[in-house]
Amino acid sequence: MLRSRFIRLLFLIPRDLVNDFLAKNCTQFAAAISFYALFSLFPLTLAVVSGLSFFLGDPESGVDLAHQISELAPVSSDWVGATIAGVVEKRAITGVAAVIGLIWASNAVFGAIRKGVNAAWGISKPRPFLSERIIDISLTFGAALLILVSISTTTIRTFLRHTIDWAQQQICGRELAEASIVQLDGICMVDPALVFGGILDLIAPIFAPLLTLITFIVLYRFLPNTSVRVSDVWPGALIASLSFEMLKSGFVWYVAAYPAYNVVYGTLGAVVALLAWIYLSAIVLLFGALVTSRYSRYLSQGAERVGWLFWRAVSGTNDR
């Protein structure tokens, strides 16, 4: 009897979360986020790339940036590379245009994210106007920093490896360096560049999920217009980050294996695929915010009180 009630409880919690998610119109907020994000994503990326283009002198760096961006979103690396080449060629014009477009679009997309997270919390009272604008602008610079860190990972790894190779050639000579063997005082050792490169290859797959987790923690901690502790947000942030990484990998695989968007929408297929990916990501973001609000309520009311409420819902009795 108790086991059947426990199994029923496992189905009751997700059902209650989904019903609450739909009742708070979170799907509509996700649609608004995806709409405004489509207009802000490229100005934001162009603003970052425009700044980097003053420091990127060779075409290979632009190719690395294109591959990094195509891994973050389901868009063609060739198309991104052509866009970056145009930005580097006309950096002054695109830089000004990107900043102007970014200022206009960021307020809309981050305002939609802020309102969506508060709706998931059940908060309808807004902050003062100036406070909301400061939050939106801060999120803009934070998103630009995340894009900068993400697309610079490959460049930094390449720079460090080239630096180690150069130092090894200066110390050991070109022949030993090219043989991937270091000889010091008559002792042969494995090339440290290979060891360092292996360490970087092990860290790289962990870097993106960790960055995603930190992003969700920051959003769930500061966006709700209520007092939120870091201990309140980690379950929702963990669920959202894991769901986002699985969604990203699965959607990229689906678009590559089954290019239905190109068949149905033609030349607009890439844009529609990107819009769908942003919409699903916004669903994950808002659902994680809902889980965070429930967990925060669980901590504030006490485990005993919440446990009794669930038991009453499962058993249909008012006895404690």
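Can you tell me the FRET efficiency between residue 301 and residue 230 if r is taken as the Cβ-Cβ distance and R0 is 22 Å, rounded to the nearest 0.05? Kindly include the intermediate steps, with their values, before the conclusion.
Details: r = 19 Å, r/R0 = 0.87.
That gives a FRET efficiency of 0.70.
Just to check I understand the Karplus step: with θ = phi - 60° and J = 6.51 cos²θ - 1.76 cosθ + 1.60, what whole-Hz values come out for the stretch 287-301, glycine and proline as x?
Rounded to whole hertz, the list is 5, x, 5, 5, 4, 4, 5, 5, 5, 5, 5, 4, 6, 6, 7.
No lab work stands behind these numbers, since they all come straight from the coordinates. All figures in this text were calculated on a predicted structure; none of them were measured in a lab. Here Cβ is always computed from backbone atoms with ideal geometry, including for glycine, and neighbour counts include all displayed protein chains.
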